[in-house]
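I have placed the structure first, in the form of structure tokens, so that the comments after it can refer back to it.
Taken together, the values in this text are just the output of simple stated rules run on the coordinates, not laboratory data. Just so we're clear, the structure is a prediction, and the values are computed from it rather than from any experiment. Heads up, the Cβs are rebuilt from the backbone with ideal geometry, glycines too, and the neighbour counts pull from every protein chain shown.
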Amino acid sequence: MKTTNAQRKINIIKNIEYLMRTRGETKASFSNRTGLTRTTLYKILDGRVNNVQQATVNRISDFFGVSCEEIEDYDLEKLERLNETLSTEGNKNPSAIPVIPQSRYLSVAAWKIGQLVTAFPLTYFFGDESNMVAMKIETEIKGSFIPGEVIIIKRPPVLVCDSPLLYHSGKNGFFVVNDKEDNGMEDTVRFLGYIVGERL
């Protein structure tokens, strides 16, 4: 993508301001930490430099861990917002999640995801996750979920902080706990995963 000099100048100014704001840098700290003089930085940000030297752009991009092309050719604030957005306009690919009926869940819990996606209907989850399944609730999970709801489960081994945990025991059936402390649970309790979402 070839950017005009005028657009390049605007992008550099907007991106430096955005990166400083979101990364907690002041003009003084940014100048000190990158080695750019304050005079140069102020001139760039005030729009008084029509053609920022490539060495200066390299120094800025190295400091913030982004490419020179991103600083020169794109609106980083808009790009980061799109990348974080969980929508069809975002940049995250949806993961296909097999939806397993509650009555069959335990019998297929050890199956690989590849086997499950060919055997069950799918729902989608936008994010960077893997090893995820969904359970369609058929019998109420006391105090948590009712029939017809679908819960998205991140299967172990993994640690997901601040997410409810799904268990099963022969005595109590499926149940949800809000923290992973060993609250004197019996030996027959089986940890099934972390609940990371739900669908109605």
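Counted by neighbouring Cβ atoms within 10 Å, the residues Phe30, Phe175 run from fewest to most as Phe175, Phe30.
Highest GNM mean-square fluctuation among Tyr105, Tyr124, Tyr42, for the chain modelled with Cα contacts below 10 Å: Tyr42. Sorting Leu45, Leu122 from the fewest to the most surrounding beta carbons within 10 angstrom yields Leu122, Leu45.
Rule-of-thumb check for the chain: C-alpha Rg over 2.2 N^0.38 Å? Working shown, then result.
Numbers: Rg = 24.9 Å, N = 200, 2.2 N^0.38 = 16.5 Å.
Rounded to two decimals, the normalised Rg is 1.51.
Each residue, Ser103 and Lys142, gets one label point 7 Å from its Cα in the Cβ direction; the gap between the two is 2.2 nm. The mean sequence separation of alpha-carbon pairs under 8 Å and at least six residues apart, normalised by the residue count of region 5-84, gives a relative contact order of 44 percent. Remark: spin-label model distance Phe63-Trp111 equals 5.4 nm, labels positioned 7 Å along the Cα→Cβ axis. Sorting the segments 145-155, 53-63 by their residues' average number of neighbouring beta-carbon atoms within 10 angstrom, most packed first, yields 145-155, 53-63.
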